[in-house]
Amino acid sequence: MASKHVNHIEPYSPQFGTMIPMGGQKFMRTCVLWQIVRFVAINIRMTILILKSHH
Amino acid sequence: MARLVVMGGGVSGHTAATFARDMLGEDHEVVVVTPNSQWNWIPSNIWVGVGGMTKEEVVFPLAPVYEKAGIDYRQAKAVSIHPEGKEDAETPYITIEYTDEAKSGETEELTYDYLINATGPKLNFGATPGLGEGTNLGEHTVSVCTADHAEHANHELEACIEKMRNGERQAFLIGTGHGMCTCQGAAFEYIFNIEHTLKEQGVRDMADITFITNESFLGDFGMGGIHFKMGGFATSSKVFAESLYAERGMDWILGAHVNKVEAGKVTYESLDGEMDEQEFDFAMLIPPFAGVGLKAFTKDGTDITDTIFAPNGFMKVDANYNAGAYENWKASDWPRTLQNPSYKNVFAVGIAFAPPHIISKPMSSPNGTPINPTPPRTGMPSAMMGKAVALSVVDMMKGKSTEPTHTASMSEMGAACVASAGKGLFSGTAAAMTVYPIIPDFEKYPGTGRDLNGTTGELGLAAHWVKHILHHIFIWKAKLKPGWTLIPE
Ligand SMILES: Cc1cc2nc3c(=O)[nH]c(=O)nc-3n(C[C@H](O)[C@H](O)[C@H](O)COP(=O)(O)OP(=O)(O)OC[C@H]3O[C@@H](n4cnc5c(N)ncnc54)[C@H](O)[C@@H]3O)c2cc1C
């Protein structure tokens, strides 16, 4: 069955050689509740990065 | 009383000057020499370039901020450095040329005890015929490197959108305008904003969008590519970046040295040596960067520019400039204190310091044309270098040490990069990437050269919110508003 999330990709074109996000992935990217969790995670990650970078 | 002179009031220079001023107290002087009257949060120029923000939202006047902080601000450009002073006076000095309306063209000698070079890049449009003349953007393409450029880019974009509404197909070409460019991240972010804007305007189906880059693979970013911890895999930035383009139906041209720009057309040489052409109706091509062209002289007037600066015009610091071939490169080649080896009271931070070599693997076409990204020195590392050098200089000025006390090596620090498309809080989307360390270290991290716990990439609204917050907190910090010292770089 064709996926409504993946448009036609020309075989052997450069675009054919990579991954294409499907419905679940796209939904999670814009799901506000999940993104609030990710927002906290990104901030923690960046804080650790900053702490590790200062000498 | 000692005097610190900071040349350049951009991301790294402003950070260095404001922290030094904050820590030095009344006993010492801090002077900033910079030709711009306004400070620009450059990352948000991308939004100005698609009409998501106005120029006024990304700039603010420097004079009141420096006045409040007690920083002596000279709206001028530095022209030359005289680190030994002159025959009859040993005090080192720089020469400056004023750029403000009242004193425009006037020159002055400014003595210093410590000097920080934070002059950033010369936007070298003139390196590619047709891309521009010297540092001036030409007539065929647009740029987002300055707020004014970005405003102009948005006007051109609006004109293209109007044409598409009237049924005229438009070709967009975004990327690098020379084989030795850096700053692919800015072009990467801009192309996603263009695509997002065209979709919002309902004309996406009338546009062909192509990315042209000097990278040998998408996602090299001038850092030799990155492996992110993603979905249980150490995923290459190649797959990550290609996926973003493929999802949006955008094409890409790799390993390209744009060697000529004409009205509606670029000519480029590929890594395989082929010459090709690409037509466009709208093109945003990043220029190559060089040092701003400062000169240096001994006390008897001998030109020592070649001793203090690398051939590309960036200032030499404590890096290993004799690392040799790619196979011999090490993370430890990268500078730590950013002190000039010839003159210990001179430092260079941000884009102004000369890297020991590039980070990506050097490549050239069969014709011998080098086509590889040069090293990025993005906002976060630039500001960290500014702060570290300020702390070292403060300790030296206060007599606590004769050597730099702080380090900021790109091989020991990370970078966070958020590329965001659109401005709406719920309609935008973004890629958030963290990289640690910036310079791959295969001795410390034998797998991918980087710490996979600190090297991540993800897409979504959350990253977009982070980008919004960064815009506001960095402008808050640069304006020295309450709590500014607590905001990290
Ligand atoms: C469009 C765009 C988007 C970007 N987006 C991001 C991003 O999202 N995240 C990120 O981390 N980085 C980003 N960057 C990179 C970031 O802007 C730079 O890394 C950063 O500005 C470098 O800081 P700097 O102090 O070295 O140079 P600049 O900030 O460029 O400052 C240099 C200063 O020196 C002044 N100057 C020039 N010549 C002289 C002279 N002769 N004498 C005295 N002063 C002089 C200039 O006027 C300027 O004020 C982006 C860059 C661009 C172009």
*Residue by residue through the range B:110-123, which ³J(HN,Hα) values in whole Hz follow from phi under the Karplus form 6.51 cos²θ - 1.76 cosθ + 1.60 (θ = phi - 60°), with glycine and proline marked x?*
10, 6, 9, 9, 10, 10, 10, 8, 10, 7, x, x, 8, 6
*Expressed as a whole number of Å, what is the distance separating the alpha-carbon centroids of chain A and the range B:58-105?*
46
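Given a cut-off of under 8 Å on Cα pairs at least six residues apart, what relative contact order in percent is computed for the range B:349-489? Don't jump to the answer; show the numbers that get you there.
Working: 193 pairs, mean separation 23.1, N = 141.
Here the relative contact order equals 16 percent.
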_Below 20 Å, Cα to Cα, which aspartates and glutamates can residue A:26 reach? Residues fewer than 8 away in the same chain don't count._
B:189, B:195, B:200, B:242, B:247, B:458
_Chains B and A, summed buried accessible surface - 1.4 Å probe, Å², nearest 100_ = 2800
_Cα-based reach from residue A:52 at 24 Å (exclusive), listing lysines while leaving out same-chain residues under 8 positions away_ = B:229, B:330, B:387, B:444, B:467, B:477
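Past the 32 angstrom mark, what percentage of all C-alpha to C-alpha distances in chain B do you count? Walk me through the intermediate numbers first.
Numbers: 47654 of 119316 pairs.
Counting pairs separated by more than 32 Å, the tail of P(r) holds 40 percent.
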*Please report, in Å, the Rg and the Dmax of the range B:1-84, where both are computed over Cα atoms only.*
14.6, 49
_Fraction of accessible area attributable to carbon and sulfur, the protein assembly as shown (%, probe 1.4 Å)_ = 54
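Would you mind giving the three semi-axes, in whole Å and largest first, of the ellipsoid equivalent to the range B:85-210 according to its Cα gyration tensor?
Numbers: eigenvalues 365, 47, 34 Å².
Each semi-axis is √(5λ); the values are 43, 15, 13 Å.
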*Mind pulling the angle between the C-alpha long axis of helix B:184-200 and the longest principal axis of chain B? Nearest 10 degrees, somewhere in 0 to 90.*
40
*asked:* Less than 14 Å from a label point 7 Å out along the Cα-to-Cβ axis of residue B:473: which backbone N atoms in the range B:406-433 qualify, by residue?
replied: B:416-418
*Roughly what would the spin-label model give for residue B:133 and residue A:25, points 7 Å off Cα along C-beta, in nm?*
4.9
_Through the Karplus equation 6.51 cos²θ - 1.76 cosθ + 1.60, θ set to phi - 60°, convert the phi angles of the range B:227-236 into ³J(HN,Hα) values in whole Hz; use x for Gly and Pro._
9, 9, 7, 8, x, x, 10, 8, 9, 5
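Do any GluC sites (Glu not before Pro) in the range B:128-235 lie in a loop, going by DSSP, with at most 16 other beta-carbon atoms within 10 Å of their beta carbon, and if so which?
Passing sites in the range B:128-235 are B:139, B:168.
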*Which of B:50, B:96, B:75 sits closest to the plus end of the dipole of the range B:26-101, meaning its Cα is farthest towards the positive end, when Lys and Arg get +1 and Asp and Glu get -1 on the C-beta?*
B:50
*Kindly count the pairs of lysines across the range B:50-174 whose alpha carbons are less than 28 Å apart, treating pairs on different chains or eight or more residues apart as eligible.*
12
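Which of the three applies to the range B:74-145, rounded, prolate or oblate, going by the alpha-carbon gyration tensor with a ≥ b ≥ c and a/c under 1.5 meaning rounded?
Values: a/c = 3.06, a/b = 2.24, b/c = 1.37.
Prolate, since a/c reaches 1.5 and a/b exceeds b/c.
I want the local charge near residue B:34. Using Cβ-Cβ distances under 15 Å, sum +1 for each Lys or Arg and -1 for each Asp or Glu among the other residues. Spell out each step's value before the answer.
Numbers: positive: B:21, B:74, B:77, B:103, B:122; negative: B:67, B:72, B:97, B:100, B:108.
Spelling it out: positives minus negatives among the neighbours equals 0.
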*Other chains' Cβ within 10 Å of B:234-242 residues: what's the mean?*
2
*asked:* What number do you get for the range B:262-323 when its Cα radius of gyration is normalised by 2.2 N^0.38 Å, N = residues?
replied: 1.80
_Cα atoms only: what Rg and Dmax, in Å, come out for the protein assembly as shown?_
23.1, 86
_Need one word for chain A: rounded, prolate or oblate. Basis is the Cα gyration tensor (sqrt eigenvalues a ≥ b ≥ c); a/c below 1.5 gives rounded, then a/b vs b/c decides._
oblate
*For helix B:379-397, report the angle its Cα long axis makes with the longest principal axis of the Cα atoms of chain B; keep it between 0 and 90° and round to the nearest 10°.*
0
*asked:* Taking R0 as 60 Å, what FRET efficiency do you get between residue B:303 and residue B:60 from their Cβ-Cβ distance, rounded to the nearest 0.05?
replied: 0.95
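What's the local net charge at residue B:302, with K and R +1, D and E -1, over the other residues with C-beta under 13 Å away?
On the way: positive: B:86, B:295, B:299; negative: B:84, B:87, B:300, B:303, B:306.
Cβ neighbours under 13 Å give a net charge of -2.
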*Give me the angle, in degrees from 0 to 90, between the Cα long axis of helix A:32-53 and the longest principal axis of the Cα atoms of chain A, rounded to the nearest 10.*
50
_residue B:344/residue A:41 FRET efficiency (R0 41 Å; Cβ-Cβ; nearest 0.05)_ = 0.40
*asked:* Could you work out [θ]222 nm for chain B from helices alone, using -39500 (n - 2.57) per DSSP H run of at least four and dividing by all its residues? Round to the nearest 500 deg cm²/dmol.
replied: -7500 deg cm²/dmol
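For the protein assembly as shown, give the share of DSSP beta bridges that are antiparallel, in percent and rounded to the nearest 5; count only bridges with both residues there. Display every interim value, and only then the final one.
Working: 50 of 85 bridges.
Roughly 60 percent of the beta bridges in the protein assembly as shown run antiparallel, per DSSP.
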*Taking amide hydrogens as modeled 1.01 Å from N in the peptide plane, which residues meet the under 5 Å criterion relative to residue B:137, leaving out close sequence neighbours?*
none
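Taking 0.36 nm per intervening residue step and subtracting the Cα-Cα distance, what contour gain separates residue B:486 from residue B:37 on full extension? All intermediate terms of the calculation are to be shown ahead of the outcome.
Working: separation 449, 0.36 × 449 = 161.64 nm, distance 2.57 nm.
Additional length available on full extension: 159.1 nm.
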*Quick one: Cα centre-to-centre distance for the range B:257-281 and the range B:465-483, in angstrom?*
40
*Would you list the P(r) distribution for the range B:262-393, with all Cα-Cα distances sorted into 5 Å bins from 0 and each bin expressed as a whole %?*
2, 9, 14, 17, 17, 14, 11, 8, 6, 3, 0
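Residues with beta-carbon under 14 Å from that of residue B:440, excluding residue B:440: net charge, scoring Lys, Arg +1 and Asp, Glu -1? Walk me through the numbers on the way to the answer.
Working: positive: B:330, B:361, B:444, B:450; negative: B:220, B:327, B:333, B:412, B:441, B:443, B:451.
Residues close to residue B:440 contribute a combined charge of -3.
Decide, for the range B:333-384, between rounded, prolate and oblate: order the square roots of the alpha carbon gyration tensor eigenvalues as a ≥ b ≥ c, take rounded if a/c falls under 1.5, and otherwise choose prolate if a/b is larger than b/c, else oblate. Walk me through the numbers before you get to the answer.
Working: a/c = 3.31, a/b = 1.96, b/c = 1.69.
In terms of gyration-tensor shape, prolate.
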*Each residue of the range B:94-107 in order: what ³J(HN,Hα) in whole Hz does its phi give by Karplus 6.51 cos²θ - 1.76 cosθ + 1.60, θ = phi - 60°, with x for Gly and Pro?*
10, 9, 10, 10, 5, 10, 6, 4, 5, 10, 3, x, 5, 10
_Using a loss threshold of 30 Å², tell me which positions in the range B:450-489 are less accessible in the complex than in their chain alone. Probe radius 1.4 Å, ligands and nucleic acids ignored._
B:456, B:458, B:459, B:461, B:462, B:465, B:466, B:488
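Could you work out the relative contact order of chain B? I mean the mean sequence separation of Cα pairs under 8 Å and 6+ apart, divided by the number of residues, in percent.
Values: 1171 pairs, mean separation 81.1, N = 489.
Relative contact order for chain B comes out at 17 percent.
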*Using 7 Å Cα-to-Cβ label points, what is the residue B:1/residue B:401 separation (nm, one decimal)?*
2.7
*Where the centroid of each part is defined by its Cα atoms, how far is the range B:350-419 from the range B:151-222 in Å?*
29
*Answer with one residue from B:266, B:209, B:301: the one whose Cα lies farthest towards the positive end of the charge dipole of the range B:178-311, charges on Cβ with Lys, Arg +1 and Asp, Glu -1.*
B:301
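The values are calculated or read from the model by the stated rules, or taken from the named source; none is laboratory data. In this text the structure is predicted, and so the values were computed from the model without any measurement. Please note: Cβ atoms are built from the backbone with ideal geometry, for glycine as well, and neighbour counts cover all protein chains shown. Each accessible area value is taken on the protein alone, full model and side chains, heavy atoms only, with ligands, DNA and RNA left out. Shrake-Rupley method; radii C 1.70, N 1.55, O 1.52, S 1.80 Å.
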